[in-house]
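The values are calculated or read from the model by the stated rules, or taken from the named source; none is laboratory data. Fair warning: this is a prediction, and the values are worked out from it, not measured in the lab. Methodologically, a virtual Cβ is constructed for each residue, glycine included, from the backbone with ideal geometry; neighbour enumeration extends over all protein chains shown. Surface accessibility is based on the protein's heavy atoms, side chains included, excluding ligands, DNA and RNA. Shrake-Rupley method; radii C 1.70, N 1.55, O 1.52, S 1.80 Å.
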Amino acid sequence: MDLGSAWDMASALGLAIGLAACAGLRAWLPLLLAGILGRLGLLTLGSGFHFLQDDRALIPLGVATLLELAADKIPALDHALDVVSTVLRPAAGALLAASMLGRVSDPLISLVLGIAIGAPAALLPHAAKSGLRAASTALTAGLANPVLSLLEDLLAVLLFVLTVVLPLLALLLVAGLTFFVLRRLRRRSRAAA
């Protein structure tokens, strides 16, 4: 493997993991943004994933994004949305990861790798977000949840932009966050035992 293809693979991997992590915060928003940037020619989607930049995908993704953003600000709906999102966000992360890995590999291989890499990369931020929301609900009776939701929206957009602009930095950031969260979980399990 030459230096150019190694760089392409590392960049695709950084994009895959970073965008999947965005899906852990918001399922539809990163899919919509990836589709828009793909349509504008600012983000290359892998072969087999160009459907994300088609109107038949962008319109429903736009509607789903607006519904998700609005529902997450309503305390009674945010928990129901979180339950549904436990399956939805890893699936969105897998699709995003596969669409980025498809830039450097066969669509079928990228789909398998997308599931193996993207789903866990999305599930970790989703789990951390869910834990934070549960604590917020317990401490503030849900009153702080709309503010947290807005901060999550901003974080998802910032992580998306960072990932697209600097994919290797996003990869390092997500790896560091993963290490931190897993270490805290291990400490909690030891303390509980």
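So for the chain, considering every pair of alpha-carbon atoms, how many percent are separated by more than 22 Å?
Every Cα pair in the chain considered, those over 22 Å come to 46 percent.
Let me know the volume per residue of the alpha-carbon convex hull for the range 112-193, in Å³.
Hull volume over Cα atoms, normalised by residue count, gives 108 Å³.
Round to the nearest 10 and give me the degree value, 0 to 90, for the angle of helix 55-71's Cα axis relative to the longest principal axis of the chain.
20
At what distance in nm do the modelled label points of L77 and L40 sit from each other, each positioned 7 Å from its Cα along Cα→Cβ?
Placing both labels 7 Å along Cα→Cβ, they lie 2.7 nm apart.
For the chain, what does the helix formula give at 222 nm: sum of -39500 (n - 2.57) over DSSP H segments with n ≥ 4, over the residue count, nearest 500 deg cm²/dmol? Can you show the working numbers first?
On the way: 7 runs with 161 residues, N = 193.
Computed ellipticity for the chain at 222 nm equals -29500 deg cm²/dmol.
Computed FRET efficiency, Cβ-Cβ of I59 and L108, R0 25 Å: what is it to the nearest 0.05?
That pair, I59 with L108, gives E of 0.35.
How many nm separate the modelled label positions at A135 and F180, each set 7 Å beyond the Cα in the direction of the Cβ?
1.2
Quick one: Karplus J couplings for the range 8-24, per residue in order, coefficients 6.51, -1.76, 1.60, θ = phi - 60°, nearest Hz, x for Gly and Pro?
With coefficients 6.51, -1.76 and 1.60, one gets 4, 5, 5, 5, 4, 5, x, 5, 4, 6, x, 5, 5, 5, 4, 5, x Hz.
Run the numbers for A70 and S189: contour at 0.36 nm per residue of separation, minus the present Cα-Cα distance, in nm.
Working: separation 119, 0.36 × 119 = 42.84 nm, distance 3.51 nm.
Gain in length upon complete extension: 39.3 nm.
Starting from the eigenvalues of the Cα gyration tensor, five times each then square-rooted, give me the equivalent ellipsoid semi-axes of the range 67-113, largest first, whole Å.
In descending order the semi-axes read 31, 10, 5 Å.
Binning every alpha carbon pair distance of the range 59-147 at 5 Å from zero, what are the percents per bin?
The percentages, shortest bin first, are 3, 14, 18, 19, 17, 13, 8, 5, 2, 1.
So which residue, out of R56, R133, R39, gets the largest mean-square fluctuation from a GNM of the chain using Cα contacts under 10 Å as springs?
R56
What's the magnitude of the charge dipole for the range 51-186 around its Cα centre, counting Lys and Arg as +1 and Asp and Glu as -1 at the beta-carbon? Answer in Debye, nearest 20.
On the way: 9 positive and 9 negative charges, 103 e Å.
About 500 debye.
Could you tell me the relative contact order of the range 1-113? Use alpha-carbon pairs under 8 Å, at least six residues apart, and round to a whole percent.
Working: 137 pairs, mean separation 44.5, N = 113.
Relative CO of the range 1-113 lands at 39 percent.
With a cut-off of 8 Å between alpha carbons and a minimum separation of six or more residues, what is the relative contact order of the chain in percent?
33
Heavy atoms only, 1.4 Å probe, whole protein assembly: order W7, W28 by accessible area, highest first.
W7, W28
For the range 81-94, in order, what is each residue's ³J(HN,Hα) by Karplus, 6.51 cos²θ - 1.76 cosθ + 1.60 with θ = phi - 60°, in whole Hz (x at glycine and Pro)?
Karplus values, whole Hz, x for Gly and Pro: 4, 4, 5, 4, 6, 4, 9, 5, 5, x, 5, 5, x, 5.
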